[in-house]
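Okay, structure first, notes after.
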Amino acid sequence: MSKNNKNIENRNIDRTPPPLTSTADMPIDSRISEFIDEDISVRKEVETKKGAQILSVEGLKMYFPVTKGLLKKQVGSVKAVDDVTFSIKQGETLGIVGESGSGKSTVGNCVMHNIKMTDGKMVFEGKDVSGIKGRELDEFHKRMTMVTQDPFASLDPRMKIKDSILEGVRINRLVTNKKEQDELVERMLILVGLNPMFKERFPHEFSGGQRQRISIARALAMNPAFIVCDEIVSALDVSIQAQIVSLMMKLQKELGLTYIFIGHDLSVVRHLSNNVAVMYLGKFMELTSSDELYDKPLHPYTRALISAAPIPKPRLDRERKRIILEGEVPSPINPPKGCNFCTRCQYADERCREQEPSFEDVGGGHMVACHKVKEFM
Ligand SMILES: Nc1ncnc2c1ncn2[C@@H]1O[C@H](COP(=O)(O)OP(=O)(O)O)[C@@H](O)[C@H]1O
Ligand code: SF4
Ligand SMILES: [Mg+2]
């Protein structure tokens with residue numbers, strides 16, 4: 001790792017979310033490979049120990065109501081997630097990539113049961129968890145936790161680190177003895193690469209990267225099987241991103257964890273994920289193994305995203321052909337008829353504008369939603 005990491009960690013971190021625009025929204029920073037290439041072996045190792053299915057999601061829809069006037073009459077709905085289906089095996093990672101506003105966080109929040117999905121079925125560890133509440137939901141949250149982009153959202157600035165880490169453990173009475181609680185906090189801090197003595201400090205005393213490690217420690221304290229990681233490195237400097245990605249891979253290997261890893265940087269998501277889903281306007285456009293997606297992208301949207309990624313070698317980068325995506329992402333309140341991508345796709349024809357393509361297996365589990373996919377194979 002770089003000698004400058006310490007200095008970089010102490011820099012002020014810009015937490016401004018990326019603006020809702022086109023491909024400029026997707027900073028695909030291949031420099032990260034320099035830091036995490038060595039850990040690809042970890043992913044490969046996990047890949048060979050394919051586990052049983054831990055989560056399956058079928059036909060997930062999340063429509064947020066759009067209301068008007070004092071009486072809050074519903075006049076429409078934001079189709080944030082519109083009929084998404086996937087499954088994940090134990091010990092694996094599903095990456096979800098897509099521009100800002102494509103519905104990635106909403107998928108994460110529905111899976112976590114932070115919001116009640118409009119429709120769909122969810123099976124977790126062999127149990128239908130689609131409509132669970134009360135005690136069942138508490139039990140579910142011991143098995144599945146979430147880490148988000150902004151650690152300040154989960155770390156109360158007035159609480160000592162140890163109290164933040166123990167919050168869920170105390171609510172669920174998982175460890176009640178004070179000495180054991182202290183030991184648990186120290187173990188978690190060591191696990192995420194921090195000094196156990198930090199437990200008496202407050203969040204503002206830490207850098208962005210350290211705060212993200214504390215949030216991970218807080219999620220791990222519950223001893224979960226599954227973690228939803230929503231843009232957990234997006235606000236961090238590139239070398240710190242690499243450290244957190246390496247940490248997540250190490251934890252996955254050591255603890256057998258399963259992840260949903262949401263990000264808008266394709267190169268970061270690639271490093272961690274066994275499978276990657278490309279999301280656009282509430283729908284999955286393509287879903288396949290991480291290697292296949294980057295070596296043989298089939299959907300015009302995925303191809304445009306990948307072509308926009310910088311190559312580390314400047315000459316090659318200058319010479320290759322880029323696919324420029326024109327136009328803005330349409331509103332999820334009023335998505336286009338037919339294929340969601342038709343307003344920006346250079347191959348769109350009448351059929352694309354009339355009929356929605358189905359999300360189909362084009363061979364070996366490579367799922368694509370495009371009428372013309374055969375032409376690209
Ligand atoms: N609570 C909400 N109420 C209404 N609309 C929402 C809500 N949460 C998200 N949305 C909308 O749903 C769409 C998907 O948002 P989000 O899942 O946050 O996308 P991403 O994480 O890919 O940036 C966006 O158009 C967003 O404005
Ligand atoms: S279905 Fe048509 S508009 Fe949609 S991605 Fe394929 S070619 Fe483009
Ligand atoms: Mg998001």
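The values are calculated or read from the model by the stated rules, or taken from the named source; none is laboratory data. The shown structure was predicted, so the numbers you read here are calculated from the model rather than taken from an experiment. Positions of Cβ are generated from backbone atoms using ideal geometry, with glycine treated the same way; all protein chains shown enter the neighbour counts.
Structure values in brief
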| item | result |
| --- | --- |
| Any hit, segment 264-277, residues being within 16 Å of ligand 2 (Cβ to nearest atom), of a type in the set (A, V, I, L, M, F, W, C) and not in a helix (DSSP H, G or I) | yes |
| Count of residues meeting criterion [modelled with pLDDT under 95 and touching a strand residue (DSSP E or B) at 6+ places or on another chain (Cβ under 6 Å)] in segment 103-134 | 0 |
| First in segment 84-108 and in contact (Cβ under 8 Å) with a residue 40 or more places away in the chain and closer than 18 Å to Ser290 by Cβ, second anywhere and within 11 Å of ligand 1 (Cβ to nearest atom) and of a type in the set (Gly, Ala, Ser), Cβ under 7 Å, 6 or more apart | Gly95/Gly263; Val97/Gly263; Lys104/Gly98 |
| Given (1) within 16 Å of ligand 1 (Cβ to nearest atom); (2) among the charged types (D, E, K, R); (3) modelled with pLDDT under 95; (4) in contact with a helix residue (DSSP H, G or I) (Cβ under 7 Å, 6 or more places away or on another chain), number of the condition Lys337 does not satisfy | (1) |
| Where a residue in segment 55-67 is of a type in the set (Phe, Trp, Tyr) and its partner, wherever it lies, is assigned to a strand (DSSP E or B), with Cβ under 6 Å and at least six apart | Tyr63/Ser77; Tyr63/Lys79; Phe64/Val78; Phe64/Ala80 |
| Test: residue in segment 120-141 that is touching a helix residue (DSSP H, G or I) at 6+ places or on another chain (Cβ under 6 Å), over 23 Å from Tyr301 (Cβ atoms), free of Cβ contacts under 8 Å to residues at least 12 places away in the same chain and in a loop (DSSP other than H, G, I, E, B) | no |
| Pick from segment 226-246, criterion away from ligand 1 (no atom under 16 Å from the Cβ) and hydroxyl-bearing (Ser, Thr, Tyr), ranking: farthest from Gly193 (Cα to Cα) | Ser239 |
| Filtered residues of segment 59-101 (kept if at pLDDT below 95 and within 16 Å of ligand 2 (Cβ to nearest atom)) | Gly98, Glu99 |
| Hits in segment 340-374 - residues which are within 16 Å of ligand 1 (Cβ to nearest atom), in contact with an Asp or Glu (Cβ under 9 Å, 6 or more places away or on another chain) and under 18 Å from Asp83 (Cα atoms) | Asn340 |
| Some residue of segment 200-218 being assigned to a strand (DSSP E or B) and buried (at least 22 other Cβ atoms within 10 Å of the Cβ) | no |
| Near pairs, Cβ below 7 angstrom, 6+ apart or cross-chain, from segment 157-172 (more than 18 Å from Ile216 (Cβ to Cβ)) to any residue that is of a type in the set (Asp, Glu) and modelled with pLDDT under 95 | Asn172/Asp138 |
| Filtered residues of segment 90-110 (kept if within 16 Å of ligand 3 (Cβ to nearest atom) and closer than 16 Å to Val276 by Cβ) | Leu94, Gly95, Ile96, Val97, Gly98, Glu99, Ser102, Gly103, Lys104, Val107, Gly108 |
| Which listed residue, of Gln241, Gln252, is at pLDDT 95 or above and either part of a helix (DSSP H, G or I) or more than 21 Å from Val84 (Cα to Cα) (or both) | Gln252 |
| Residues of segment 166-183 satisfying the condition of being at pLDDT below 95 and within 28 Å of the chain's Cα centre (by Cα) | Glu167, Gly168, Val169, Arg170, Ile171, Asn172, Leu174 |
| Any hit, segment 306-319, residues being within 16 Å of ligand 3 (Cβ to nearest atom) and either at pLDDT below 95 or of a type in the set (A, V, I, L, M) (or both) | no |
| Selection within segment 323-343 - within 8 Å of ligand 2 (Cβ to nearest atom) and in contact (Cβ under 8 Å) with a residue 24 or more places away in the chain | Cys339, Asn340, Phe341 |
| Residue within segment 345-364 that is within 12 Å of ligand 2 (Cβ to nearest atom), assigned to a loop (DSSP other than H, G, I, E, B), touching a helix residue (DSSP H, G or I) at 6+ places or on another chain (Cβ under 9 Å) and among the hydroxyl-bearing types (Ser, Thr, Tyr) present | yes |
